[in-house]
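To start, the structure under review is shown below, and the notes come after it.
The values are calculated or read from the model by the stated rules, or taken from the named source; none is laboratory data. All of these numbers come straight from a predicted model, not from anything done at the bench. Virtual Cβ from ideal backbone geometry, glycine too; neighbours counted across all protein chains shown. Remember, those area values only see protein heavy atoms, side chains included, never the ligands or the DNA or RNA. Shrake-Rupley method; radii C 1.70, N 1.55, O 1.52, S 1.80 Å.
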Amino acid sequence: MSFDSLGLSAPLLKAVAKKGYAEPSPIQEKAIPVVLQGKDVLASAQTGTGKTAGFTLPILQLLSQTQQSHKRQIRALVLTPTRELAAQIFDNVKEYSEFIDFRSAVIFGGVNQNPQIKAIKNGLDLLVATPGRLLDLHNQGHLSLSNIEILVLDEADRMLDMGFLRDIKRIMELLPKRRQNLLFSATFSKDIKKLANSILYQPVMVEATPENTTAEKVSQRGYKVDRGRKAELVIKLISEGNWSQVLIFMRTKHGANNLTKKLLKKNITAAAIHGNKTQGARVKALSDFKSGKIRVLVATDIAARGLDIPLLPHVINYELPNIPEDYVHRIGRTGRAGASGQAISLIDFEEYEYVRGIEKLLGEKLQSETVPGFDLENIPSPPKQERGRRNPNKPKKKQGGGNRNGNNNRGNRR
Ligand code: AMP
């Protein structure tokens with residue numbers, strides 16, 4: 001199938017051609033015609049599927065077909081959980097709207113609001129926003145949402161995880177009742193279904209990959225390794241495999257900083273990206289990673305969520321996420337846009353319980369093995385009744401060798 005057959009206008013096709021896309025991705029093929037028909041959409045799509053163009057292109061077309069008032073009012077609102085994601089969507093909107101008369105802006109917290117207010121005052125067709133800053137500027141009287149014709153909730157599951165439900169509900173009250181709604185989510189918990197039911201009107205279901213399964217081309221492998229030797233194993237994998245672009249997921253900011261230091265000591269260029277980093281530092285780390293200036297990006301889940309990193313060949317789960325759905329999100333960062341990828345999970349004794357949760361969600365076994373030279377020391381395969389987390393009150397067995405000093409960096413989450 002080609003983009004030409006989706007019903008998009010010539011200036012939009014020109015922008016798509018400029019991006020170099022040969023054909024629409026499955027989510028684009030399914031979502032674009034439905035959105036063009038003005039229908040509500042409930043889309044199951046993780047990042048990396050091309051979902052951004054899937055909603056942006058038809059929205060641009062719909063809005064450029066209809067009359068604008070002489071003073072441009074915001075007619076489309078894209079809500080998204082993180083600043084990085086907001087900035088990326090905005091970049092996409094700018095690229096796809098290059099050949100039409102269209103104005104857009106992005107607003108998110110953590111930065112000076114004045115340039116954002118200025119952009120809004122100039123008149124806009126589309127606004128990309130994180131919920132908190134949107135409400136903030138609305139409460140200060142800097143913007144009106146009473147002309148919104150199309151609403152997009154992007155990464156809706158993550159917005160709920162981040163506690164934005166109340167903000168979303170407040171924003172809904174500010175929008176006109178009659179509007180088109182598009183909801184994108186990688187997973188479908190009960191809460192997401194409830195939210196979808198309250199917002200969408202007779203939605204068309206669109207799926208990019210079957211619910212809660214990982215992208216097909218990703219090869220997944222687990223390495224059982226002692227906790228204290230994980231950094232050493234990461235360094236070995238990256239250096240011996242000569243990997244040039246690796247995204248490593250950590251559970252904590254502290255852990256991300258520590259690992260970054262260890263990599264740098266071994267002359268592996270790396271940067272950490274997490275909630276304590278300034279916006280400037282995050283943007284720089286991401287652009288250095290994309291341009292190949294640094295080989296490794298060490299990220300917490302929230303910071304990494306939705307990052308637009310095309311063709312990522314390697315993802316390492318330094319620690320397994322305790323929420324199985326997060327595993328699916330993380331793996332979604334590789335094997336993007338048709339390229340194959342490799343996802344490696346480092347599994348220590350305490351994480352066996354997470355493996356079971358992930359396997360249950362995936363409906364398949366996660367193959368795991370030990371790397372020669374990294375055999376588990378003095379830790380037998382756990383008998384069934386001991387598989388849970390170690391009892392903190394129980395004295396630890398003396399461990400021989402290795403650096404298993406109980407360094408627990410799990411307290412300081414994200
Ligand atoms: P997204 O899931 O929207 O974050 O997009 C993931 C990546 O795929 C981005 O780098 C897009 O530029 C790229 N992409 C989007 N649509 C296509 C397409 N039809 N063909 C190739 N790459 C695409």
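Roughly how many nanometres apart are two label points built 7 Å out from the Cα toward the Cβ at LYS193 and LYS18?
4.3 nm
Are there chymotrypsin sites (Phe, Trp or Tyr not before Pro) in segment 168-212 that DSSP puts in a loop and that have at most 12 other Cβ atoms within 10 Å, and which ones?
TYR201
Compute the FRET efficiency between GLN113 and SER144 as 1/(1 + (r/R0)^6), taking r as their Cβ-Cβ distance and R0 = 22 Å, and round to the nearest 0.05.
My answer for the efficiency is 0.85.
Taking Cα pairs under 8 Å and at least six residues apart, what relative contact order does segment 215-296 come out at, in percent?
Contact order relative to length: 30 percent.
Could you order the peptides 290-296, 246-252 from most to least packed, using the average number of other C-beta atoms within 10 Å per residue?
Result, highest mean Cβ count within 10 Å first: 246-252, 290-296.
Averaged per residue, what accessible surface does segment 138-254 expose to a 1.4 Å probe, in Å²?
Ligands and nucleic acids excluded, the figure is 48 Å² per residue.
Which entries in the list LYS18/LYS39; LYS94/LYS266; LYS230/LYS293; LYS19/LYS284 go over 32 Å, if you measure between the two C-alpha atoms of each?
LYS94/LYS266
Quick one: which of 169-175, 85-91 comes out on top by average Cβ neighbours within 10 Å, and what's the full order, highest first?
Packing order, densest peptide first, comes out as 85-91, 169-175.
For segment 62-145, what % of the accessible area comes from carbon and sulfur atoms, probe 1.4 Å?
Percent of accessible area from carbon and sulfur atoms in segment 62-145: 48.
With the crude spin-label approximation of a point 7 Å out along Cα→Cβ, what separation in nm comes out for LYS169 versus LYS94?
Placing both labels 7 Å along Cα→Cβ, they lie 3.6 nm apart.
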